[in-house]
Amino acid sequence: MKPSAENLAAAAKSAGRRGPPPVHLWNPPFCGDLDMEIRRDGTWFYLGTPIGRYPLVKLFASIIRRDGDAYFLVTPVEKVGIRVVDAPFVAVDADVSGMGDGQTIAFTTNVEDEVTAGPDHPIRVTRDPVTGEPSPYVLIRRNLEALIDRKTFYRLIEIGAHHEVAGESWFGLWSGGEFFPVIPSADLF
């Protein structure tokens, strides 16, 4: 049977559970690639057309898995490849509580996943080698990250702090007792 979005949706729905199913435990046969793509802004496309049904996007987001650099939608009976331009999720909001090293940052994604940054959900920032533009991420589940959207990142930068890491001063963010470096302090001046 040729893989299709409809078959995957039906199989995922039949699991009938709350929260993401244990896709990391499933090892079904690979059934080929699906013409599905998640763009950098978090929009899901199927056959070149945006998927407009939010509940369907949430359903697909619950069965995504990353193996190495490849992304798959996985059910107990089927595994199909999809394309992800950057990260499969986008962190669209963050709630900050506390201050300094006692601070916590709770993120909400475009598909309503919620995580608090800390040892199990680290924040990392990469920089474009040409433009220096930062790309911040937070780990959502297993090895699936969310790109932190620009408005949220700018809000977080306002609460950033300088802290010494391995003998060097860094500007970064505290959450869950962990310091997450964003940029060397020297690069800010």
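The values are calculated or read from the model by the stated rules, or taken from the named source; none is laboratory data. Remember, predicted model here, so these are calculated numbers, not experimental data. Backbone-built Cβ (ideal geometry, glycine too); neighbour counts: all protein chains shown.
Whether any residue in region 106-127 is touching a strand residue (DSSP E or B) at 6+ places or on another chain (Cβ under 8 Å), buried (at least 16 other Cβ atoms within 10 Å of the Cβ), hydroxyl-bearing (Ser, Thr, Tyr) and farther than 17 Å from Ile64 by Cβ is what I want to check.
yes
So, in region 59-80, exactly how many residues are of a type in the set (Asp, Glu) and over 15 Å from Arg141 (Cβ atoms)?
2
In region 85-108, how many are within 17 Å of the chain's Cα centre (by Cα) and in contact (Cβ under 8 Å) with a residue 40 or more places away in the chain?
Total satisfying the criteria: 12.
Scan region 155-173 for residues that are hydrophobic (A, V, I, L, M, F, W, C), closer than 19 Å to Val92 by Cα and either outside any helix (DSSP H, G or I) or in contact with a Ser or Thr (Cβ under 8 Å, 6 or more places away or on another chain) (or both) and jot them down.
Ile159, Leu173
Condition test on Ala146, is it within 27 Å of Leu47 (Cα to Cα) and either at pLDDT below 95 or in a strand (DSSP E or B) (or both)?
yes
Which residues, taken from region 25-43, are among the charged types (D, E, K, R) and either without any contact (Cβ under 8 Å) to a residue 24 or more places away in the chain or exposed (fewer than 15 other Cβ atoms within 10 Å of the Cβ) (or both)?
Asp33, Asp35, Arg39, Arg40, Asp41 - these are the residues of region 25-43 that are among the charged types (D, E, K, R) and either without any contact (Cβ under 8 Å) to a residue 24 or more places away in the chain or exposed (fewer than 15 other Cβ atoms within 10 Å of the Cβ) (or both).
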